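A.B. asks: Here it is, the structure, as structure tokens.
The values are calculated or read from the model by the stated rules, or taken from the named source; none is laboratory data. Remember, it's a predicted structure, so these values are computed and weren't measured experimentally. Please note: Cβ atoms are built from the backbone with ideal geometry, for glycine as well, and neighbour counts cover all protein chains shown. These accessible areas exclude ligands, DNA and RNA; they are computed on the full protein's heavy atoms, side chains included. Shrake-Rupley method; radii C 1.70, N 1.55, O 1.52, S 1.80 Å.
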Amino acid sequence: MSRKKIVAGNWKMNMTPTEAVALVNELKPLVANDEVDVVFCVPAIDIIPAMKAAEGTNINIGAENMYYEEKGAYTGEISPAMLVDAGVKYVIIGHSERREYFAETDETVNKKVLKAFEHDITPIICCGESLTQREQGITIDWIRQQIKIAFLNVTKEQAKKAVIAYEPIWAIGTGKVATTEQAQEVCAAIRVCIGEIYDEATAAEIRIQYGGSVSGASAPELFAQPDIDGGLVGGASLKPDFGKIVNYNK
Ligand code: 13P
């Protein structure tokens, strides 16, 4: 089964609305590639202007986070209906920075994943180990636990549409990209885990990205691995290099 590659930018807490429009306009011609799903996950306040700037292009505008309640007294949060109304089809869930600085847990990640599917938004579900965990030799155990909890009560049909991003924490923003073997090993283990939870067909369909210091230089080898279906890109998604990552196959 051939899975369409998906390359997503995670802008994190960068770009004012004005800057966002300028960046979309700058990157627009560089990220044209029909063979790849292209997503820019942007700060909530940038979603509407970025969406407008991306009109008529292959760029999908996504969100970086979402709350798991429908509406109400949750000051500062963004609801799934707000994202849907703005035209959003993808949302990053459980990024390691949200887990570290905003106390997200595997349980809140699971609630958000379920809520995203309820609203037909594709979650990009993040997992990843710390350097200590890698050195302790518990990477695969840890990732399997994150995946199993994230997918609790998610149906097979929903799981097939999910995107998983494997992001080793030690590779994020450090310029220290995981070796292709390390990235492939964990992405393969994630696919095995999905196969155990659901079945072979679901495992074959789900898309798994690698994230952590991906660049135009490292993307071709990473994305050529059998279990790596694209990337979740931080720093390089704010630069023309993102065009090289999207066009890794050209
Ligand atoms: P960098 O590409 O800057 O390492 O960030 C990766 C990341 O956290 C994407 O979500």
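A.B. asks: What does the charge add up to near Gly137, with Lys and Arg as +1, Asp and Glu as -1, over the other residues with Cβ less than 13 Å from its Cβ?
C.D. replies: -3
A.B. asks: Ignoring ligands, DNA and RNA, please state the percent of accessible area on region 26-72 from carbon and sulfur, probe 1.4 Å. Working shown, then result.
C.D. replies: Working: 1140 of 2170 Å².
The C+S portion of the solvent-accessible surface of region 26-72 is 52 percent.
A.B. asks: Search the structure for amide H atoms under 5 Å from the amide H of Ile164, placed 1.01 Å from N in the peptide plane, and list their residues when 5 or more places away or on another chain.
C.D. replies: Residues meeting the amide H criterion: Ile125, Arg207, Ile208, Gln209.
A.B. asks: So, one more: What is the spread of the Cα atoms of region 13-119 along each of their three principal axes, largest first, in whole Å?
C.D. replies: For region 13-119, the Cα extents along the three principal axes come out at 39, 29, 27 Å.
A.B. asks: Under 25 Å between alpha carbons, and skipping anything fewer than 8 positions from Lys239 in its own chain: which lysines qualify?
C.D. replies: Those lysines meeting the cut-off are Lys4, Lys5, Lys12, Lys28, Lys52, Lys89, Lys176, Lys250.
A.B. asks: Rolling a 1.4 angstrom probe over the protein heavy atoms, how many square angstrom per residue are accessible across region 1-73? The partial results should precede the final answer.
C.D. replies: Values: 3560 Å² over 73 residues.
For region 1-73, the per-residue accessible area is 49 Å².
A.B. asks: Leaving out ligands and nucleic acids, note down the accessible area per residue over region 163-250 with a 1.4 angstrom probe, in whole Å².
C.D. replies: Working: 3120 Å² over 88 residues.
With the other protein chains kept in place, region 163-250 gives 36 Å² per residue.
A.B. asks: Sticking with this structure for a sec: Mind listing the phi-derived Karplus ³J(HN,Hα) values for region 130-135, rounded to whole Hz, using 6.51, -1.76 and 1.60 with θ = phi - 60°, and x for any glycine or proline?
C.D. replies: 7, 5, 4, 4, 4, 5
A.B. asks: If a/c stays under 1.5 just call it rounded; otherwise compare a/b with b/c (prolate if a/b is bigger, oblate if not). Do that for the chain, with a ≥ b ≥ c from the square roots of the Cα gyration tensor eigenvalues. Walk me through the intermediate numbers first.
C.D. replies: Details: a/c = 1.43, a/b = 1.11, b/c = 1.29.
It is rounded, given that a/c, with a ≥ b ≥ c, falls under 1.5.
A.B. asks: Right, something else. Work out how much length Lys161 to Ala22 would gain on full extension: take 0.36 nm times their residue separation and subtract the Cα-Cα distance, in nm to one decimal. Don't skip to the end; give the middle numbers.
C.D. replies: Working: separation 139, 0.36 × 139 = 50.04 nm, distance 3.12 nm.
Contour length minus Cα-Cα distance gives 46.9 nm.
A.B. asks: At most 15 other C-beta atoms within 10 Å and a DSSP loop state: those are the exposed chymotrypsin sites (Phe, Trp or Tyr not before Pro) I care about. Give me the longest piece of the chain that has none.
C.D. replies: Longest gap between qualifying sites, sites excluded: 103-250.
A.B. asks: Of all accessible surface on region 118-250 at a 1.4 Å probe, what whole percent is carbon and sulfur?
C.D. replies: On the way: 2830 of 5390 Å².
Carbon and sulfur together cover 52 percent of it.
A.B. asks: List the trypsin sites (Lys or Arg not before Pro) within region 46-127 that DSSP assigns to loop and that have no more than 12 neighbouring Cβ atoms inside 10 Å. Walk me through the numbers on the way to the answer.
C.D. replies: Working: sites: Lys52, Lys71, Lys89, Arg98, Arg99, Lys111, Lys112, Lys115; in loops: Lys71, Lys89.
Those that pass, being in a loop and sparsely packed, are Lys71.
A.B. asks: Using θ = phi - 60° and the Karplus curve 6.51 cos²θ - 1.76 cosθ + 1.60, what whole-Hz ³J(HN,Hα) does each residue of region 145-152 get, with Gly and Pro shown as x?
C.D. replies: Taking θ as phi minus 60°, the curve returns 5, 4, 5, 4, 6, 4, 9, 4 Hz for region 145-152.
A.B. asks: Something else about it: Show me, for region 227-243, the HN-Hα J-couplings you get by feeding each phi into the Karplus relation (A = 6.51, B = -1.76, C = 1.60, θ = phi - 60°), rounded to Hz, glycine and proline as x.
C.D. replies: These are the phi-based 3J(HN,Hα) values: 10, 9, 10, x, x, 10, 10, x, x, 6, 6, 9, 10, x, 4, 4, x Hz.
A.B. asks: Right, next: So what is the relative contact order of the chain, in percent, for Cα pairs below 8 Å that sit 6 or more residues apart?
C.D. replies: On the way: 496 pairs, mean separation 54.2, N = 250.
In percent, rounded to a whole number, it is 22.
A.B. asks: Farthest toward the dipole's positive end in the chain, which of Val36, Ser2, Gly173, given Cβ charges of +1 (Lys, Arg) and -1 (Asp, Glu) about the Cα centre?
C.D. replies: Looking along the dipole axis, the top candidate is Val36.
A.B. asks: Tell me, how many Å apart are the Cα centres for region 126-142 and for region 183-250?
C.D. replies: That distance is 18 Å.
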